[in-house]
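**Student:** Questions regarding the structure given below will be posed in turn.
Rule-based calculations on the coordinates, nothing more; no lab input. Every value quoted in this text rests on a predicted model; they were computed, and no experiment measured them. Cβ: placed from backbone, ideal geometry, glycine included. Neighbour counts: every protein chain shown.
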Amino acid sequence: MGLKPAEGWHKRNFLTEVLIPTLFTPREGEPVSPLFPELREDEIGVTWIGHASFLLRTFQSNLLVDPNWAKWLKVIKRIRHPGLDLRDLPSIEMVLVTHAHFDHLDRKTLRAVAGDQPIVVPFEVGNLVHDLGFQSVHELHYWEAFEYGTTRITLTPCHHWGARVLHDSHRGFGGYIIEVGGRTIYHCGDTAYFDGFREIGERFRIDLALLPIGAYDPPSGREVHMNPEEAVAAFLDLGAARMIPMHYGSFRLSYEPPDEPLKRLRIAARERGVEDRVTVMTEGESVVL
């Protein structure tokens, strides 16, 4: 995906319309005392930290995906607190990062959670995390898998970009299929809607899809994220059993009001007849699947 802004992007002012007002908006939410139910061998515990960050618990191990406890992304303020305090995390056996953008790869958070466990990243992202305290760094290419114990991780394509700064557009990006305990979870990272969802659904029987619904009206005007209606379409393309929305409400990365994505998602899910298959979580909440 090119980095050139869409035509007319300069007609709005993100600084005055979003960034400055956000500075004077108190952060909402508070970390909660974690309630981690005991799991059977065939169950998965899912805890939403906020934004694209999830704790995935199994009978044998715990995984973190895109962990980010940052209060700021440079000049962008976090408007909702993470759902858990870092010190309340269980022992983490593996960490996954979908791409190098600051809202997904936060080096300070990764250093805090690193405990000599492996970390999995897309191709050409490893040099950003190798010095943070992980036992090993595993770079994957599309459809390549990494197995650790009873867990199998596969990198899947998406329609996004991976540059952390403008001159490193060589970096990879993608989503992950996580297979463990006979269950399959799909975390798609960041992506616009694309026809690749159908292929991913054909390759894997997905029990749970974690899909982004926010940041669809960005300052650049480029179509780089899904809107809620497209997220529902992606969910149907995947043929997944259940969906949990993410990537909204934590950071104001685009012009849409923070409460708009969830409102539109509920309407779209109801219109497509899948309202009962969409689980909306609050930060810090845990569900068992």
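**Student:** Would you work out if the stretch 1-82 is rounded, prolate or oblate? Take a ≥ b ≥ c from the square roots of the eigenvalues of the alpha-carbon gyration tensor; rounded if a/c is under 1.5, else prolate when a/b is larger than b/c, oblate otherwise.
**Tutor:** oblate
**Student:** Over the stretch 106-167, what is the percentage of antiparallel beta bridges among all DSSP beta bridges, to the nearest 5?
**Tutor:** 45 percent
**Student:** Go from 0 up to the bin containing the longest alpha carbon distance in the stretch 11-288, width 5 Å each, and give me the % of pairs per bin.
**Tutor:** Result returned by the calculation: 1, 6, 13, 18, 21, 19, 14, 7, 2, 0, 0.
**Student:** Moving to a separate point now. Only helical DSSP H runs with n ≥ 4 go in: add -39500 (n - 2.57) per run for the chain, normalise by residue count and round the 222 nm mean residue ellipticity to 500 deg cm²/dmol.
**Tutor:** -4000 deg cm²/dmol
**Student:** Name the residue farthest towards the positive end of the dipole of the chain from the options LEU128, PHE36, PRO219, assuming +1 on Cβ of Lys and Arg, -1 on Cβ of Asp and Glu, about the Cα centre.
**Tutor:** PRO219
**Student:** Moving on to the next point. Quick check: residue separation of ASP195 and ASP88 times 0.36 nm, minus the Cα distance between them. What number comes out in nm?
**Tutor:** Contour length minus Cα-Cα distance gives 34.6 nm.
**Student:** Now for a separate question. Given charges of +1 on the Cβ of Lys and Arg and -1 on the Cβ of Asp and Glu, with all other atoms neutral, how large is the dipole of the chain about its Cα centre, in debye to the nearest 20?
**Tutor:** 740 debye
**Student:** Please give every one of the lysines within straight-line cross-link reach of LYS108, meaning a C-alpha to C-alpha distance under 29 Å, and leave out same-chain neighbours fewer than 8 residues apart.
**Tutor:** LYS71, LYS74, LYS77
**Student:** Still on this structure: If r is the Cβ-Cβ distance from GLN60 to ALA233 and R0 is 45 Å, what FRET efficiency results, to the nearest 0.05?
**Tutor:** Working from the Cβ atoms, E equals 0.80.
**Student:** Let me ask something additional. Tell me which of GLY174, LEU140, ALA163 sits at the most positive position along the dipole axis of the stretch 128-180, charges placed on C-beta atoms (Lys, Arg +1; Asp, Glu -1).
**Tutor:** Positive-most Cα among the choices belongs to ALA163.
**Student:** Shifting gears a bit: Considering the options THR22, PHE235, GLY284, tell which one lies farthest towards the positive end of the dipole of the chain, charges being +1 on Lys and Arg and -1 on Asp and Glu at the Cβ, about the Cα centre.
**Tutor:** Ranked along the dipole, the leading option is THR22.
**Student:** In nm, what is the difference between 0.36 nm times the number of residues separating HIS10 and ARG27 and their Cα-Cα distance?
**Tutor:** Length difference between fully extended and current span is 3.3 nm.
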